[in-house]
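A.B. asks: Below is one structure. I have some questions about it.
We did not get these values from a lab; they are worked out from the coordinates using the rules stated. Since the structure is predicted, the reported quantities are computational estimates derived from the model, not experimental observations. Positions of Cβ are backbone-derived with ideal geometry, glycine not excepted, and every protein chain shown enters the neighbour counts.
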Amino acid sequence: MAASTSLLTISLGITNIYLIRGESIVLVDGGDKGKFTSFCKALEKNSIDPKEINLIVLTHTHWDHTGHLAEIVKLTGAKILVHAEESERLSQDIAVTPPGITGWGWFLVKTLLKGRMPSEFTKYHADIVMEGEDYSLADWGIEGKIIHTPGHSPGSISVVLEDGAAFVGDMAMNIFPLRLSPGMPIFAECPEKITASWDRILSAGAKQIYPAHGKNFPIEKLKRDLPKIY
Ligand SMILES: [Zn+2]
Ligand SMILES: [Zn+2]
């Protein structure tokens, strides 16, 4: 039986990364570029030995989630897990900017995102390629699982813990200037899959949503966006 979990949120630029501690520590995402000292300071402040971090789950492979992957792997020795639908992008250094799916999203892609996108990327080898729809975290000492939740990107995955905490990457957003309140992604590569994926996140028992961009919020805040599900 895995131990109960505790959580630490570290904001690196516009991207949150989450440390989930059970019997070992699983890290969700690799952050935005340029803030590695903040990551190290946060570990030190919370008395976390980097070697306790054994697994890095990439919710997806967009550049604002892989910014410090190289440094984090070097520091921790952790393995990288990515979904099969995006393992090729990671290993071939293919940078994708998702298209805007709202007027505001479209505008931001043409302006803000364009300016922030780094000019160079790093190729990574994924140690674990998630092939199916579910992956248990029991072997990593965490009471929870990873589920495939395509929509924002084809290989988007979400971590849902037994206690209802759900780390959904960019399948929800809750930060200015992306959104003024919690809601669906404003950029997406396969928007037609978003609703079905949210159905899966809810079925997995999600109660509190932890987006990569912005503060966490209760699932009820998404009622307006998920009329078919509620
Ligand atoms: Zn993204
Ligand atoms: Zn993102």
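A.B. asks: Could I have the simple spin-label model distance between PHE176 and GLN208, label points 7 Å from Cα toward Cβ, reported in nm to one decimal?
C.D. replies: 2.5
A.B. asks: Could you identify which residue out of PRO154, PRO99, PRO177 has the top mean-square fluctuation in a GNM of the chain using Cα springs shorter than 10 Å?
C.D. replies: Evaluated over the chain, the most mobile residue of the options is PRO177.
A.B. asks: Sort the following peptides by mean Cβ neighbour count (other Cβ atoms within 10 Å, averaged over residues), highest first: 81-90, 38-47.
C.D. replies: Going from most to least packed, we get 81-90, 38-47.
A.B. asks: Using modelled amide H (1.01 Å from N, peptide plane; none on Pro or chain starts), what sits under 5 Å from the amide H of HIS213, excluding residues fewer than 5 places away?
C.D. replies: Residues meeting the criterion, in which the H sits 1.01 Å from N, are ASN16, ASN174.
A.B. asks: Here is a further query. Highest mean first, how do 19-31, 200-212 rank when packing is the count of other Cβ atoms within 10 Å averaged over residues?
C.D. replies: Output ranking for 19-31, 200-212: 19-31, 200-212.
A.B. asks: Which of the three applies to segment 6-225, rounded, prolate or oblate, going by the alpha-carbon gyration tensor with a ≥ b ≥ c and a/c under 1.5 meaning rounded?
C.D. replies: It is rounded, given that a/c, with a ≥ b ≥ c, falls under 1.5.
A.B. asks: Suppose each label sits 7 Å from its Cα in the direction of the beta carbon; what would the THR195-TRP106 distance come out to in nanometres?
C.D. replies: 2.1
A.B. asks: By the gyration tensor of its Cα atoms, with a ≥ b ≥ c the square roots of the eigenvalues, what is the shape of segment 72-143: rounded for a/c under 1.5, prolate for a/b over b/c, or oblate? Write out the running numbers ahead of the final one.
C.D. replies: Values: a/c = 2.35, a/b = 1.73, b/c = 1.36.
Prolate shape, in that a/c is at least 1.5 and a/b is the bigger ratio.
A.B. asks: Output wanted: per-residue J couplings in Hz (rounded whole) for segment 214-219, from phi through Karplus 6.51 cos²θ - 1.76 cosθ + 1.60, θ = phi - 60°, x for Gly and Pro.
C.D. replies: Result, rounded to whole Hz: x, 6, 6, 7, x, 4.
A.B. asks: Another question about this same structure. Let me spell out the model: positive unit charges on the Cβ of Lys and Arg, negative unit charges on the Cβ of Asp and Glu, origin at the Cα centre of segment 1-111. What dipole size does that give, in debye rounded to 20?
C.D. replies: For this selection, approximately 280 debye.
A.B. asks: Under 14 Å between alpha carbons, and skipping anything fewer than 8 positions from LYS79 in its own chain: which aspartates and glutamates qualify?
C.D. replies: ASP29, GLU52, GLU71, ASP127, ASP139
A.B. asks: Which entries in LYS41/LYS221; LYS110/LYS221; LYS74/LYS110; LYS41/LYS74; LYS33/LYS114 show an alpha-carbon gap greater than 23 Å?
C.D. replies: Too far apart for the 23 Å limit: LYS41/LYS221; LYS110/LYS221; LYS74/LYS110.
A.B. asks: Test of understanding: what is the full-extension gain from GLU131 to THR97, defined as 0.36 nm times their sequence separation minus their Cα-Cα distance?
C.D. replies: In short, 9.9 nm is gained.
A.B. asks: Still on this structure, please answer the following. Aspartates and glutamates within cross-link reach of LYS145: Cα-Cα under 13 Å, excluding same-chain residues under 8 positions apart?
C.D. replies: Straight-line reach from LYS145, under 13 Å: GLU133, ASP134, GLU162, ASP163.
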